[in-house]
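The values are calculated or read from the model by the stated rules, or taken from the named source; none is laboratory data. Owing to the predicted nature of the structure, the values given are computational and were not obtained by experimental measurement. Please note: Cβ atoms are built from the backbone with ideal geometry, for glycine as well, and neighbour counts cover all protein chains shown. These area figures cover heavy atoms from the full protein model, side chains too; ligands, DNA and RNA do not enter into them. Shrake-Rupley method; radii C 1.70, N 1.55, O 1.52, S 1.80 Å.
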Amino acid sequence: MAKKASTAKPKAKAKTKAKVKTKKPVKHLEADAEELVEFYREMLLIRRFEEKAGQLYGMGLIGGFCHLYIGQEAVVVGAHSTSNPQDSVITSYRDHGHMLVCGMEPKGVMAELTGREDGYSKGKGGSMHMFSREKNFYGGHGIVGGQVPIGTGLAFAHKYKNDGGICYTYFGDGSVNQGQVYESFNMAQLWLLPVLYIIENNKYGMGTSIDRASSTTDLYHRGRSHGIPGEQVDGMDVVAVREATARAAEHARAGKGPFILEMMTYRYRGHSMSDPAKYRSKEEVSKVRQEQDPIDNLRELIIESKAASEDTLKEIDKSIKAIITDAAEFAKESPEPNVAELYTDILVEANG
Amino acid sequence: MPIEITMPALSPTMTEGTLATWHKKEGDKVSSGDVIAEIETDKATMEVEATDEGVLGKILVPAGTENVQVNSVIALLLEDGEDKSALAGFKTSAPTPVASAPVDVASPAPSSAPVAPVAPVAPVAPIASEPEYSGEMITQTVRESLRDAIAEEMRLDDTVFLMGEEVAQYQGAYKVSQGLLDEFGSNRVIDTPITEIGFTGLGVGAAFGGLKPIVEFMTFNFSMQAMDHIVNSAAKTRYMSGGQMGSHMVFRGPNGAASRVGAQHSQCFAAWYSHVPGLKVVAPWSGADAKGLLKAAIRDPNPVVFLEHELMYGQSFEVPAGDDFVLPIGRAKVERVGTDVTITAFSRMVGVALEAAELLAADGISAEVINLRTVRPLDIETIVNSVRKTNRLVNAEEGWPQSGMGAEMAALMMEHAFDDLDAPVVRVCGEDVPMPYAANLEALTLPGASKIADACKSVCYR
């Protein structure tokens, strides 16, 4: 008998060539050793989780749409490291990494991907629709750009309640041309709402490269006409992300209103599992992986700066492998939701 | 023990594919991330990456093989330290069926009756009947009743706030929010830019964050800009989150025909919104409806679409005085008792239906008029009880006929009262045209009392 079934994971085959600017990330030593190791742990958790999700998808255990975050880990890990417990987080459908950094359990997230009753939404949400009131994670939204006004509204609630929180609102380069994004920018600056607009610019909105979709491609300038400051950040460098986000968060917490961060990042996989990614070349992808991989580079930095030993990192690798294996087993074993769940959670009873 | 490499699914619908080429041969070392093969689907050619490390021990499916089932074993990978002898006698485990294979889905509501299944209706908690009210009454306009409802609820609950275009300094485009800015201040009565999808989405976010927004549309015509957030964000989140969170909020404003404002500003959205699970949709007629139902809507933990009517704002009614008058959402009201025919209507058309009942009375026909009050969830019980008595139903609405409330009413009677009907259900609707501007054409478009009365006579075979 086989020890385990290992479904090969698909990889996009690309034929066309596109030029992307790649550069060696600037090395930082500002974060302390403990933080660097924690960043490493969180990024690796996301990557291994996503690889496993891809594998389970290949086995038919995950259905429908599944958008993997591989390559972009530094953005959410670096940005979220600046958050406080009362802050809120919202993002699009490429959301597994955001849930994991918010402290949601890998088991519950994976079981939602497999559509089982122990998933965060009891199997009724799926990859794109998960929430955790407890962890202040507000989804998981499937309509491109739809989370931007909602995030702005979460920020409105922070200000209204004066709870000191800010909302981390993530969206992609594909959504920056949606009208509702600008409606949100306008109100956020008009009312000085404590919101961070974190654009994850992975250079492609599905299969359309940013220069084919956007009249101007410096997305951090997109708030200019509303008076919102912006900054472009190397989104493959977790420490750079952390530093820029910390400055932006300080701006928002000080009551100065929204801030736009354009994180220059890259997704290694296709838009979703069924995307053959013919719109970019294999060379483009492998160049980014080789030169800019956020996890490899951080690992190198940790070793060079003696923040941790090779052995310590290997221990982390091992513990994450175990977490992911457990999550996958859990997600396979958890039963499908009871059919009675079909009709629950539509309305709640009014008690007034 | 060798690791099985299985045929991956590359899309939501893929069940099989062609194994086009192998990039590795038996005996080759394989690292995680290496491209080992290419497979073809109906959509594309995709590369297959290894997820494990080892030596390719045996290729079980040669290049060029078509119709390879997803999850069948295509190769065996030898782990560190294993040699070819590990392959001897190795039996592959049976391919696990893919998720898209037919699954046994039990019917959620097995019915023993051999009839066509009744359209599933989400179980709703029993709705209390309308409370008896015997207190003091005051005469006020619908506009004032709505304002009082908002003000009273804002006094009771700090998390309730009103936002929309011109609601604050201008005192409301239709003066519904008159005086609210003075009483509650600009933090709770908020003028928005003209930006419907933006402020509606923002309102949903505020509700997620624990507030209870009242989002005013200057008219519901503009809510079409915001429909994505009403339907996708507000209505569905309770379900999509497995019950963890929802949107305690109200979307309100004038709906339906106004007067001489043309096609883009005269439209009924009752049927549109009533289509959506996760929403409640309320359409008051009288002042008491307006006040009691708006208070209920503001207190309701679900997203409520509250459809007012511009032509009703200035009409006066007797309304219970005091701030504790709340009507149950989901309950219709029999406004006039009759025996020969039932007329269902909501919003302004209730008044028109009552006029029709007067006309019919003069002809010796006794019409029962039901004010639906809520169009989702519909009070099927009250309607069916009436039809059991009258055996006839006419639905009157301003909206268009196709897939309208009247169509719903006809279907419901087929399902719940087929044997009680002595005549087909008849729909009296707005004409199936965009609203014209010219006064004479506009008048022809909207159903009046005589049109409803004629429909009632026809189902009474008179």
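From the set of residues in the range A:323-352 that are open to solvent by 70 Å² or more (accessible area, probe 1.4 Å) and among the acidic types (Asp, Glu), which is farthest from A:Leu100 (Cα to Cα)?
A:Glu349
Restricting the first residue to the range A:50-61 and requiring it to be open to solvent by 10 Å² or more (accessible area, probe 1.4 Å), which pairs with a second residue that is at pLDDT 95 or above and of a type in the set (Val, Ile, Thr) meet a Cβ separation below 9 Å and a spacing of at least six or different chains?
The qualifying pairs are A:Glu51/A:Ile70; A:Glu51/A:Ile324; A:Lys52/A:Ile324; A:Lys52/A:Thr325; A:Leu61/A:Thr114.
Pull up the range B:413-462, narrow it to residues that are within 17 Å of B:Thr344 (Cβ to Cβ) and acidic (Asp, Glu), then point me to the one that is nearest to the chain's Cα centre (by Cα).
Here the residue is B:Glu415.
Being of a type in the set (Lys, Arg), within 11 Å of another protein chain (Cβ to nearest Cβ) and open to solvent by 20 Å² or more (accessible area, probe 1.4 Å): is that true of A:Lys107 here?
no
Please list, ordered by residue number, the strands (runs of 3 or more DSSP E) wholly in the range A:144-238 having 2 or more residues that are within 11 Å of chain B (Cβ to nearest Cβ) and in contact with a Ser or Thr (Cβ under 9 Å, 6 or more places away or on another chain).
Those strands (runs of 3 or more DSSP E) span A:167-172.
Which of (1) at pLDDT below 95; (2) within 9 Å of chain B (Cβ to nearest Cβ) does A:Ile90 not meet, given it meets every other one?
Status for A:Ile90: all satisfied but (1).
So for the range B:20-30 (the condition being farther than 21 Å from A:Gln55 by Cβ, among the charged types (D, E, K, R), free of Cβ contacts under 8 Å to residues at least 24 places away in the same chain and more than 10 Å from chain A (Cβ to nearest Cβ)), does at least one residue qualify?
Checked the range B:20-30: no residue is farther than 21 Å from A:Gln55 by Cβ, among the charged types (D, E, K, R), free of Cβ contacts under 8 Å to residues at least 24 places away in the same chain and more than 10 Å from chain A (Cβ to nearest Cβ).
Tell me which of these B:Glu398 doesn't satisfy, since it passes every other one: (1) open to solvent by less than 60 Å² (accessible area, probe 1.4 Å); (2) part of a strand (DSSP E or B).
(2)
Please verify whether the range B:1-8 includes one or more residues that are open to solvent by 10 Å² or more (accessible area, probe 1.4 Å), in a loop (DSSP other than H, G, I, E, B) and either more than 7 Å from chain A (Cβ to nearest Cβ) or not charged (D, E, K, R) (or both).
Within the range B:1-8, one or more residues are open to solvent by 10 Å² or more (accessible area, probe 1.4 Å), in a loop (DSSP other than H, G, I, E, B) and either more than 7 Å from chain A (Cβ to nearest Cβ) or not charged (D, E, K, R) (or both).
Since B:Lys212 meets every condition but one in (1) open to solvent by 40 Å² or more (accessible area, probe 1.4 Å); (2) facing chain A (nearest Cβ under 10 Å); (3) under 18 Å from B:Ala297 (Cβ atoms), which condition does it not meet?
Failing condition for B:Lys212: (2).
Which condition number in (1) open to solvent by 10 Å² or more (accessible area, probe 1.4 Å); (2) more than 10 Å from chain A (Cβ to nearest Cβ) is the one that B:Met154 fails?
Condition (1) is where B:Met154 drops out.
Quickly run through the range A:111-123 and pick out the residues that are surrounded by 22 or more Cβ atoms within 10 Å (Cβ to Cβ) and either within 7 Å of chain B (Cβ to nearest Cβ) or assigned to a loop (DSSP other than H, G, I, E, B) (or both).
Across the range A:111-123, the qualifying residues are A:Thr114, A:Gly115, A:Gly119, A:Tyr120, A:Ser121, A:Lys122, A:Gly123.
Applying the selection to the range A:259-289, what residues are under 26 Å from A:Cys167 (Cβ atoms) and open to solvent by 20 Å² or more (accessible area, probe 1.4 Å)?
A:Phe259, A:Met264, A:His271
I need a count of the residues in the range A:294-322 that are surrounded by fewer than 16 Cβ atoms within 10 Å (Cβ to Cβ) and among the hydrophobic types (A, V, I, L, M, F, W, C).
The qualifying residues number 2.
One line per residue, one yes/no per condition, for (1) of a type in the set (Gly, Ala, Ser); (2) more than 14 Å from chain A (Cβ to nearest Cβ):
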site: B:Ala226; (1), (2): yes, no
site: B:Gly243; (1), (2): yes, no
site: B:Gly246; (1), (2): yes, no
site: B:Ala258; (1), (2): yes, yes
site: B:Cys268; (1), (2): no, yes
site: B:Leu279; (1), (2): no, no
site: B:Ser286; (1), (2): yes, yes
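Just for strands (runs of 3 or more DSSP E) wholly inside the range B:256-362: which have at least 1 residues that are open to solvent by 10 Å² or more (accessible area, probe 1.4 Å) and free of Cβ contacts under 8 Å to residues at least 40 places away in the same chain?
Counting at least 1 such residues, we get B:333-336.
Is there any pair with a first residue in the range B:35-51 that is assigned to a strand (DSSP E or B) and a second that is of a type in the set (Phe, Trp, Tyr) whose Cβ atoms are under 9 Å apart and which are 6 or more apart or on different chains, and what are they?
Taking only residues 6 or more apart or on different chains, the pairs are B:Ile36/B:Trp22; B:Ala37/B:Trp22; B:Glu38/B:Trp22.
Just need a number here: residues in the range A:158-174 that are out of contact with any helix residue (DSSP H, G or I) (no Cβ under 6 Å at 6 or more places or on another chain) and polar (S, T, N, Q).
Residues flagged as out of contact with any helix residue (DSSP H, G or I) (no Cβ under 6 Å at 6 or more places or on another chain) and polar (S, T, N, Q) within the range A:158-174 amount to 1.
Exactly one of these conditions fails for B:Glu216: (1) closer than 30 Å to A:Glu134 by Cβ; (2) of a type in the set (Asp, Glu); (3) touching a strand residue (DSSP E or B) at 6+ places or on another chain (Cβ under 9 Å). Give me its number.
Going through (1) closer than 30 Å to A:Glu134 by Cβ; (2) of a type in the set (Asp, Glu); (3) touching a strand residue (DSSP E or B) at 6+ places or on another chain (Cβ under 9 Å) one by one, B:Glu216 breaks only (1).
Quickly run through the range B:45-73 and pick out the residues that are at the interface with chain A (Cβ under 8 Å from one of its Cβ atoms), in contact with a Leu (Cβ under 8 Å, 6 or more places away or on another chain) and under 15 Å from B:Leu10 (Cα atoms).
B:Met46, B:Ala50, listed by residue number.
Could you check the range A:125-143 and list, in sequence order, the residues that are closer than 21 Å to A:Ser272 by Cα and either more than 7 Å from chain B (Cβ to nearest Cβ) or buried (at least 24 other Cβ atoms within 10 Å of the Cβ) (or both)?
Result: A:Gly125, A:Gly126, A:Ser127, A:Met128, A:Met130, A:Phe131, A:Gly139, A:Gly140, A:His141, A:Gly142.
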